[in-house]
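The values are calculated or read from the model by the stated rules, or taken from the named source; none is laboratory data. Please read all numbers here as calculations on a predicted model, not as lab measurements. Note that each Cβ is placed from the backbone with ideal geometry, even for glycine, and that neighbours are counted across all protein chains shown. Heavy atoms of the whole protein, side chains included, go into the accessibility calculation; ligands, DNA and RNA do not. Shrake-Rupley method; radii C 1.70, N 1.55, O 1.52, S 1.80 Å.
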Amino acid sequence: MIDYTETIDEFLARHASDVEEAVRKAAATEIMPRFRQLGAHEVDQKSGPHDLVTDADRNAELYLTEALPALLPGSVVVGEEAVHADPVTYEALRGDAPVWIVDPVDGTRQFVHGEDGFCTLVALARHGVVLASWIHAPARDQFATAVRGSGAFLDGERLFAGPPEAGRDLTVATSHPDYTTDEQKRALLGLWTDGVAPRPCGSAGLEYLAVARGELDATAFNWEAAWDHAAGLLLVEEAGGAHLTVTGEPFRTAGGNSLPFTAARDAATARRVVALLSGT
């Protein structure tokens, strides 16, 4: 069995830029040529009319599923589309091998509608701990990266979320109503109060980037699919932010979380949002 502990640290020191190149190539070859060029035959529904998948999602994930393990032998991929086809593959998050967590097109609905609010999310994790992340918004020409313990960066510039401005309403991106059950809507009602300005979220990855940049104060989400959250949560952490579930525990990438949960610009804001969500 490979001892990955030192291997991954060395890998990130030497090959983080190679991962970035793979993510950029996946977008350049499989995603952007289809942006605003999708035919009806290239778009399908999964669980329903608001849960879409395109040929860009499928092909970009296939590209990364080949490219990423080639960079780190012995690693495996947990991708959104592969898990949809075979849910058992999600169990790799709890295994011993390093795991690439991939959302090829986060914000598929925006992508289908020709809007630029979508991104590719890649995270490297082991034993449920996210070690590095890459977030690429190709239509906006943005690339964010984070390595645990080494900070968060957007296009090479260090990110610091910082605390929200005193006296201003908290801006909070919440689970979009189209993806929220009646029970989940009730859980989020605590945010509809004085001093808070909730709004529906767009691409989760881009909302996390907004938190890390200090442009958004917090998120409040009701689902825990690792591909939507792993990369962004590390970016927020490395920018000085925090994440908590409704029971006050950090979000666990491998699952089993109490929901909803928040990611926020600082720990105090995370605790405030959790208090509102839990009614305490």
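Residue count for segment 214-224 satisfying the condition of being open to solvent by 20 Å² or more (accessible area, probe 1.4 Å) and either without any contact (Cβ under 8 Å) to a residue 24 or more places away in the chain or of a type in the set (A, V, I, L, M, F, W, C) (or both): 2. Just so you know, in segment 265-280 the residues that are crowded, with 22+ Cβ neighbours inside 10 Å and without any contact (Cβ under 8 Å) to a residue 60 or more places away in the chain include one that is nearest to the chain's Cα centre (by Cα), and it is Ala270.
Only one entry in Thr253, Thr262, Thr171 is in contact with a strand residue (DSSP E or B) (Cβ under 8 Å, 6 or more places away or on another chain), surrounded by 20 or more Cβ atoms within 10 Å (Cβ to Cβ) and more than 26 Å from Gly95 (Cβ to Cβ), namely Thr262. Considering (1) at pLDDT below 95; (2) part of a helix (DSSP H, G or I), the lone condition that Met1 does not fulfil carries the number (2). Note on segment 235-250: residues that are part of a loop (DSSP other than H, G, I, E, B) and either touching a Ser or Thr at 6+ places or on another chain (Cβ under 9 Å) or surrounded by 19 or more Cβ atoms within 10 Å (Cβ to Cβ) (or both) total 6. Restricting attention to segment 84-114, and to residues there that are out of contact with any strand residue (DSSP E or B) (no Cβ under 8 Å at 6 or more places or on another chain) and either without any contact (Cβ under 8 Å) to a residue 12 or more places away in the chain or of a type in the set (S, T, N, Q) (or both), which single residue is nearest to Tyr179 (Cα to Cα)? Step by step, filter segment 84-114, then rank; the result is Gln110.
Being on the phi < 0 side of the Ramachandran plot, among the aliphatic types (A, V, I, L, M), part of a helix (DSSP H, G or I) and open to solvent by less than 10 Å² (accessible area, probe 1.4 Å) is true of Ala230. Note on segment 37-56: residues that are modelled with pLDDT under 80 and among the small types (Gly, Ala, Ser) amount to 2.
Within this structure, Asp141 passes the test of being open to solvent by 10 Å² or more (accessible area, probe 1.4 Å), of a type outside the set (Phe, Trp, Tyr) and either under 18 Å from Gly205 (Cβ atoms) or at pLDDT 95 or above (or both). The single residue among Pro198, Pro164 that is touching a strand residue (DSSP E or B) at 6+ places or on another chain (Cβ under 7 Å), part of a loop (DSSP other than H, G, I, E, B) and open to solvent by 20 Å² or more (accessible area, probe 1.4 Å) turns out to be Pro164. The single residue among Ala16, Ala40, Ala28, Ala56 that is small (Gly, Ala, Ser) and closer than 23 Å to Pro98 by Cα turns out to be Ala16.
For (1) under 21 Å from the mean Cα position of the chain (by Cα); (2) closer than 18 Å to Arg140 by Cβ, each residue gets a yes or a no:
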| position | (1), (2) |
| --- | --- |
| Ala26 | yes, yes |
| Thr29 | no, no |
| His41 | no, no |
| Lys46 | yes, no |
| Val53 | yes, no |
| Ala56 | yes, yes |
| Asn59 | yes, no |
| Leu64 | yes, no |
